[in-house]
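What follows is a short report on a single structure.
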Amino acid sequence: MEEKIYTVDEKYQDYLSDESRLQGWAEGIFFPESEADIREFAAWAQRSGAAATIQGGRTGLAGGAVPAGGCLLNLSRMSRAGELSRGCGGEFLLEVEPGISLLQLRQEIKRLKSEAELFWPPDPTEASASVGGIVSSGARGICAPRYGNTGRHVAGARIVLAGGRVMELRRGEQLVSLGGEKMDLLDLFIGGEGIFGVLSGLTLQLQPRPRHSWGFMFYFEQKKALYAFVEKLKRSRGELMQLGLAAAEYMDRSTLQLMEEHGETAESLNTAPPLDPGVLAAVYLEAHCGEEEAALEIAGRLADMAAESNCDPDRAWAVSGESGVEKMRDFRHAAAAAVNFHLVKARLSEPRLTGLEIYLEAGDEDFAGVVEKYEAGCYSAGLKAAIYGHILGSRLRVNLLPESYAQYEQGRRLMAQWARELAGSRGKVDRQHGIGKLKRELFLQMAPGAYLEDLHRLKEHYDPAGLWNRGTLLPPPRENG
């Protein structure tokens, strides 16, 4: 086995980081090409006591793919897809390897021979993300309000456990207790961030693509109008979802400015009309409908809501059809790219900076209250921030934008404060996109004690030596003692 593991020299330096810009270290890196290779590596790791960090596309923002010593297990060469099959209930199933990227998956699905045009609903920002990484971090994408969690679209998995044993799971076959609640054992590994074992194969559940797709962008010059529109949207959520509403996304002025500033860096940032100086925020909505009449009804109702909220619907940006919606969605997805470009620029003068984001689920707290809380906290701390994310459920992503290490430390204190405040209410750290290493302390502050106890118990059961993904989600062994 040792001869297959490469020394991490200058050639492999890029593998020591991910999009969070957290920098790690490792002695070796291995690129398995099959499940048998992973099993061989797992057996060797157990014998030698070598810790291993599992990697896919390294597109994560939480540092989960960043090693803290030991070896890297990079799955990028395991990118094959199998043949389409039908389940017992007629569902469309596709077997894939974990290293296949979201872009490759979409291309494979287009080549499938089927009576219906199919798609896999999870649609996180980065198309180069590996499907194994998407599943293990529970990334859902902007259309989660309609299609739900990633686990709903995974019918089974093969997992290589410590020592090389393979466990095959099918949805609905086994249950496990986590924090006092019963859950499907498969879902422990979906969102488990690789701490229990290595996903070596996945059975994805595809579904027919909606016949009509529409996208809408509304621009707001006054907060009062923005908050009124969002409240109308939330009150009509049930009816709009029935018609086909799939996504409702918020982007603040800072986010839009960053996207305009870095417009020449990425094509997706150039697809929208020029930003008017008076615009304070934008709201992006997407609809997936079986019938065109439903899409037209949604469009009419959204225009009425905008007019009633003192937002000029004539200034809205609207598109229909898959290609048009894809461009508009790329624009919303480019918010994360713009924040990342800013971080890269800031690191030129202060290399110690890493991504500084918090993603808290505020439950039923009103949207205006959540936005005002974040903006007031940033103002008091003297920090700039880009705020965007899901309106329904008030799952907003706050990206702090420090220019110095002192501001970076201030930002970390501010995020800890927000976590403590929400821990005492109905809020919680949302595990979508992963906790990784950068958000681990916030997660540990907010997660219920019984939940953490069960996580530790299950970690010890499936990985008793603590070899997989040390420091991700849970403290590494040396911090437990």
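Can you find a residue that is in contact with a helix residue (DSSP H, G or I) (Cβ under 9 Å, 6 or more places away or on another chain), over 19 Å from Gly244 (Cα atoms) and in a strand (DSSP E or B) anywhere in segment 211-227? Yes: one or more hits. Within segment 1-24, if we keep just the residues that are part of a loop (DSSP other than H, G, I, E, B) and not aliphatic (A, V, I, L, M), the residue that is surrounded by the fewest Cβ atoms within 10 Å (Cβ to Cβ) turns out to be Asp9. Given the structure, is Ala50 touching a residue at least 40 places away in the same chain (Cβ under 8 Å) and outside any helix (DSSP H, G or I)? So Ala50 fits the description; yes. Which one is nearest to Leu280 (Cα to Cα) among residues in segment 301-321 that are among the charged types (D, E, K, R) and at pLDDT 85 or above? Among those residues, the one meeting the criterion is Glu308. When the residues of segment 164-209 are filtered to those that are part of a strand (DSSP E or B) and among the basic types (Lys, Arg), the one that is surrounded by the fewest Cβ atoms within 10 Å (Cβ to Cβ) is Lys182.
Here Phe189 meets the list (1) of a type in the set (Phe, Trp, Tyr); (2) in contact with a Ser or Thr (Cβ under 6 Å, 6 or more places away or on another chain); (3) more than 30 Å from Asp314 (Cβ to Cβ) almost entirely, failing just condition (2). Scanning segment 387-414 for residues that are within 25 Å of Leu245 (Cβ to Cβ) and part of a strand (DSSP E or B) yields Ile387, Tyr388, Gly389, His390, Arg395, Leu396, Arg397, Val398.
To keep it simple, each residue is scored yes or no on (1) in contact with a Pro (Cβ under 8 Å, 6 or more places away or on another chain); (2) in the same structural domain as Glu97 (by TED's automatic domain parsing); (3) crowded, with 18+ Cβ neighbours inside 10 Å.
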position: Ala26; (1), (2), (3): yes, no, yes
position: Ala36; (1), (2), (3): no, no, no
position: Ala62; (1), (2), (3): no, no, yes
position: Ala68; (1), (2), (3): yes, no, no
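Applying a threshold of 7 Å to beta carbon distances and a minimum spacing of six or more residues, or different chains, the list of pairs starting in segment 1-19 at a residue that is more than 18 Å from Arg77 (Cα to Cα) and ending at one that is in a helix (DSSP H, G or I) and modelled with pLDDT under 95 reads Glu19/Asn340. Tallying residues that are touching a residue at least 40 places away in the same chain (Cβ under 8 Å) and more than 17 Å from Ala246 (Cβ to Cβ) within segment 318-348 yields 13. Taking the criterion of being farther than 16 Å from Cys289 by Cβ and touching a Phe, Trp or Tyr at 6+ places or on another chain (Cβ under 8 Å), the residues of segment 309-327 that qualify are Ser309, Cys311, Pro313, Arg315, Ala316, Trp317.
Within the set Ala81, Ala42, the sole residue that is crowded, with 22+ Cβ neighbours inside 10 Å, modelled with pLDDT of 95 or more and either of a type in the set (Gly, Ala, Ser) or under 26 Å from Ile435 (Cβ atoms) (or both) turns out to be Ala42. The residues listed here are Ala368, Ala385; of these, the one that is under 23 Å from Gln257 (Cα atoms), touching a Leu at 6+ places or on another chain (Cβ under 9 Å) and at pLDDT 95 or above is Ala385.
Of all residues in segment 63-72, those satisfying the criterion of being on the phi < 0 side of the Ramachandran plot and within 21 Å of the chain's Cα centre (by Cα) are Gly64, Ala65, Val66, Pro67. Among the residues that make up segment 28-36, is at least one of them at pLDDT 95 or above, in contact with a Lys or Arg (Cβ under 6 Å, 6 or more places away or on another chain) and part of a loop (DSSP other than H, G, I, E, B)? Among the residues of segment 28-36, at least one is at pLDDT 95 or above, in contact with a Lys or Arg (Cβ under 6 Å, 6 or more places away or on another chain) and part of a loop (DSSP other than H, G, I, E, B), which makes the answer yes. Residues that are exposed (fewer than 15 other Cβ atoms within 10 Å of the Cβ) and modelled with pLDDT under 90 are absent from segment 281-295 altogether. Looking only at segment 309-332, residues that are surrounded by fewer than 20 Cβ atoms within 10 Å (Cβ to Cβ) and assigned to a helix (DSSP H, G or I) come to 9 in all.
Within segment 195-211, the set of residues being more than 19 Å from Gly89 (Cβ to Cβ) and modelled with pLDDT of 95 or more comprises Ile195, Phe196, Gly197, Val198, Leu199, Ser200, Gly201.
Would you confirm whether or not segment 470-478 contains a residue that is in a helix (DSSP H, G or I) and either surrounded by fewer than 19 Cβ atoms within 10 Å (Cβ to Cβ) or at pLDDT below 90 (or both)?
Yes, segment 470-478 contains a residue that is in a helix (DSSP H, G or I) and either surrounded by fewer than 19 Cβ atoms within 10 Å (Cβ to Cβ) or at pLDDT below 90 (or both).
The values are calculated or read from the model by the stated rules, or taken from the named source; none is laboratory data. Given the structure is predicted, the values throughout are model-derived calculations rather than measurements. Every residue, glycine as well, gets a Cβ built from its backbone with ideal geometry; the counts of neighbours run over all protein chains shown.
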